[in-house]
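Undergrad: Here it is: the structure, laid out below.
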Amino acid sequence: MAGTTVAALLAEYVRAAGVGHIFGYPGESVIDFMEDARQRGLEVVSAVREATAAFMAEGAAMATGLPGVCLSTLGPGSTAVLNGVASATLDRVPVLAVSGQIESSREQFFTHQVVDHGRMFAPVTKLTLRLDPASADIVIRKALRTAVAERPGAVHLTVTADAWQIPAGGRPSAASPALPAGDGDIAVPPLAPAAGTVDVYGDGDPLAGLRAARRPVLLAGTAAVRCGAGPELVDLAELAGIPVVVSPMAKGVFPEDHPYFAGVLDMAGHRVMWDLLAGADLILTAGFDPVELISPWSVATPVLHLDTTPNTDQVYASAHELVGDVGALLGWIAVQWSGAPRWEPGEVAAHRARLRAAWQAGRAEGRLNPSDVVAIAREAAPADAIVTTDVGSHKIMAGQVWTASRPRSVLMTNGLSAMGFGVPAAIAARLACPDRPVIALVGDGGFAMTATEMRIAAELGLPVTVVVFADGSLNRIELRQQLMGYPPTATRLGGTDLPALAEAMGCDGVRVDTPAGLEKALAGLDARSAGSRPLVVEARIDPSEYEAQF
Ligand SMILES: Cc1ncc(C[n+]2csc(CCOP(=O)(O)OP(=O)(O)O)c2C)c(N)n1
Ligand SMILES: [Mg+2]
């Protein structure tokens, strides 16, 4: 591989990391890289715009657990990609974001289309670097390792247009034992989330509080997903009789039909969830990330912090912190457990019944309620389906009502929570997992932001199903206006014939306004195979159920 160019080396690393797709939008400054990536078997997928390309990279990474890769050109391309890059960082999803830049001979003084990537991306990434030929190998390894290391996030690389075809330096010598030789002389650093050790911070016995607790509750989050800690969560919950609450982005890490499943934090019925945490005498966090909190942390219940990282947020106080691989931490607790189960399954069931009553409050009988849409979609979707959501009232409902049975099957943004995520994430999920049915649950506002991406889905023959919660409103914001006694200013939308729009882009489109109509539209969801047209369902809902959720 002597004389490998920067473009070839980056493409080789991306491929060796297991990534199959690069999501981007072309520009002059990245043409060389796109061609090298293509030649190395990577599929370069062009989104309709850069921000959605970054959401695609994030969605693919969420679905697979591998890093996502997105690409933009300089100036307007890099400014446009910013939102999706920030999303990956706040959602703790490893994404390598690459932007071209003007040639190095002009980079320091030229003004047309030149923005300082280092300064622009610094606040929304874990790291932002220039990929210079002289140090390319080390910088690519550093970027990959940093993106994936706990907590994961986006790393941005700037590459000047002239750098791509220059031989890459900074490579370990062939004799170096530092890294094992990999595919094609590429040595990807370890990409595992955390070590299986247990680091204890705090004085005294960290488990004394748990032994004394009579009403402990587990609160699992995204680090539990990244560590694959589902089995250990189930083991501890069953052994010690502890109900498990999950964060929205961790949905599926604990099976939601399990007797000890206790609901999703800060989604529909959130007061019932916070009452559970307030009434507990200990909260065991298991990879819970406060970036997912929508409400302030208002409970005084003591917390035992279990995570891949120390409790540097300090959103809650914890006298002891157990730090390491979340599954290993839970297993370490389980082997030391000797007490009687703390909760009876019947008590957890009673809590779930209260939760169900809370999210069903305000139902309009005889209408198509938002929770009906989620329940009907869940019923129609096979067990291995991947669902994405957008951001708004429909997400709050779907986050609670959709029963997830496996990790990485519910893709949503609950860190940055940027609208426009659901459709591109669904497209990317289907590309990354071509055998699994994919359904997107999105608001009419978020769909309007990304509807033209459906053309890409049609072109690629991806049979994704998009259900649009059509309420003619930016409901989440309109409800807030209503609560404040204001009229709906700039929060009403509509007037688009969504089935016609879908048809115009090579998709199937249908409009429904009853539960039976939706059931019919979604029948055969599992049979939609590769090559079928994507489907857009305009579900005319009655949004009054949402009001009870504020
Ligand atoms: C990019 C972006 N802009 C604005 C917001 C603020 N916001 C949060 S929810 C929401 C309304 C979303 O409306 P819609 O997509 O129709 O979903 P609904 O609430 O009606 O279910 C808005 C504007 C946001 N989260 N992201
Ligand atoms: Mg809406």
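Undergrad: Looking only at residues that are open to solvent by 30 Å² or more (accessible area, probe 1.4 Å) and outside any helix (DSSP H, G or I) in segment 1-20, which one is farthest from ILE102 (Cα to Cα)?
TA: Filtering first and then ranking leaves GLY18.
Undergrad: Looking at segment 342-355, can you tell me whether even one residue there is buried (at least 21 other Cβ atoms within 10 Å of the Cβ), modelled with pLDDT of 95 or more, at positive phi and assigned to a loop (DSSP other than H, G, I, E, B)?
TA: Looking for residues that are buried (at least 21 other Cβ atoms within 10 Å of the Cβ), modelled with pLDDT of 95 or more, at positive phi and assigned to a loop (DSSP other than H, G, I, E, B), one finds none in segment 342-355, hence no.
Undergrad: Determine whether segment 511-526 contains at least one residue that is more than 16 Å from ligand 1 (Cβ to nearest atom), over 24 Å from THR450 (Cα atoms), open to solvent by 60 Å² or more (accessible area, probe 1.4 Å) and among the aliphatic types (A, V, I, L, M).
TA: Scanning segment 511-526 turns up at least one residue that is more than 16 Å from ligand 1 (Cβ to nearest atom), over 24 Å from THR450 (Cα atoms), open to solvent by 60 Å² or more (accessible area, probe 1.4 Å) and among the aliphatic types (A, V, I, L, M).
Undergrad: Same structure again: Suppose we keep only residues that are touching a helix residue (DSSP H, G or I) at 6+ places or on another chain (Cβ under 6 Å) and assigned to a loop (DSSP other than H, G, I, E, B) within segment 369-390. Which one would you say is nearest to ligand 1 (Cβ to nearest atom)?
TA: ASP390
Undergrad: In addition: If I go through segment 464-493 residue by residue, how many of them are open to solvent by less than 50 Å² (accessible area, probe 1.4 Å) and either over 24 Å from ALA380 (Cα atoms) or among the basic types (Lys, Arg) (or both)?
TA: 7
Undergrad: Give the residues of segment 390-412 that are open to solvent by 10 Å² or more (accessible area, probe 1.4 Å) and among the charged types (D, E, K, R), sorted by residue number.
TA: If the condition is that a residue be open to solvent by 10 Å² or more (accessible area, probe 1.4 Å) and among the charged types (D, E, K, R), then ARG406, ARG408 are the ones that fit.
Undergrad: One residue is enough: does segment 135-155 have a residue meeting the conditions modelled with pLDDT under 90 and either closer than 26 Å to GLY415 by Cα or open to solvent by 70 Å² or more (accessible area, probe 1.4 Å) (or both)?
TA: No, segment 135-155 has no match at all.
Undergrad: For ASN369, which of the numbered conditions (1) touching a residue at least 24 places away in the same chain (Cβ under 8 Å); (2) surrounded by fewer than 20 Cβ atoms within 10 Å (Cβ to Cβ); (3) polar (S, T, N, Q) fails to hold?
TA: Status for ASN369: all satisfied but (2).
Quick grid of which residues meet (1) of a type in the set (A, V, I, L, M, F, W, C); (2) surrounded by fewer than 24 Cβ atoms within 10 Å (Cβ to Cβ); (3) in a helix (DSSP H, G or I):
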| position | (1), (2), (3) |
| --- | --- |
| THR79 | no, yes, yes |
| ASN83 | no, yes, yes |
| ALA86 | yes, yes, yes |
| THR89 | no, no, yes |
| VAL115 | yes, yes, no |
| MET120 | yes, yes, yes |
| PRO123 | no, yes, yes |
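Undergrad: So for segment 434-443 (the condition being more than 16 Å from ligand 1 (Cβ to nearest atom) and in a helix (DSSP H, G or I)), does at least one residue qualify?
TA: no
Every residue, every condition in (1) over 20 Å from PRO296 (Cα atoms); (2) modelled with pLDDT of 95 or more; (3) surrounded by 24 or more Cβ atoms within 10 Å (Cβ to Cβ), yes or no:
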| site | (1), (2), (3) |
| --- | --- |
| LEU210 | yes, yes, no |
| ALA213 | yes, yes, no |
| GLY221 | no, yes, yes |
| PRO231 | yes, yes, no |
| GLY241 | yes, yes, no |
| LYS251 | yes, yes, yes |
| PHE254 | yes, yes, yes |
| VAL264 | no, yes, yes |
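Undergrad: Considering only residues that are more than 24 Å from the chain's Cα centre (by Cα) and within 20 Å of VAL410 (Cβ to Cβ), which ones fall in segment 217-242?
TA: The answer is ALA237, and nothing else.
Undergrad: Can I ask one more? I'm told ALA440 meets every condition in (1) in contact with a Cys (Cβ under 7 Å, 6 or more places away or on another chain); (2) open to solvent by less than 10 Å² (accessible area, probe 1.4 Å) except one. Can you identify the failing condition by its number?
TA: (1)
Undergrad: Right, here's the next one. Name every residue in segment 291-309 that is within 22 Å of the chain's Cα centre (by Cα), assigned to a loop (DSSP other than H, G, I, E, B) and touching a residue at least 24 places away in the same chain (Cβ under 8 Å), in order of residue number.
TA: Passing the criteria: LEU293, ILE294, SER295, THR308, THR309.
The values are calculated or read from the model by the stated rules, or taken from the named source; none is laboratory data. The structure displayed is predicted, hence computed values, not measured ones. For neighbour counting, all protein chains shown are included, and Cβ atoms are generated from backbone atoms with ideal geometry for every residue, glycine included. To get the accessible areas, we keep the full protein, side chains included, count just its heavy atoms, and leave off ligands, DNA and RNA. Shrake-Rupley method; radii C 1.70, N 1.55, O 1.52, S 1.80 Å.
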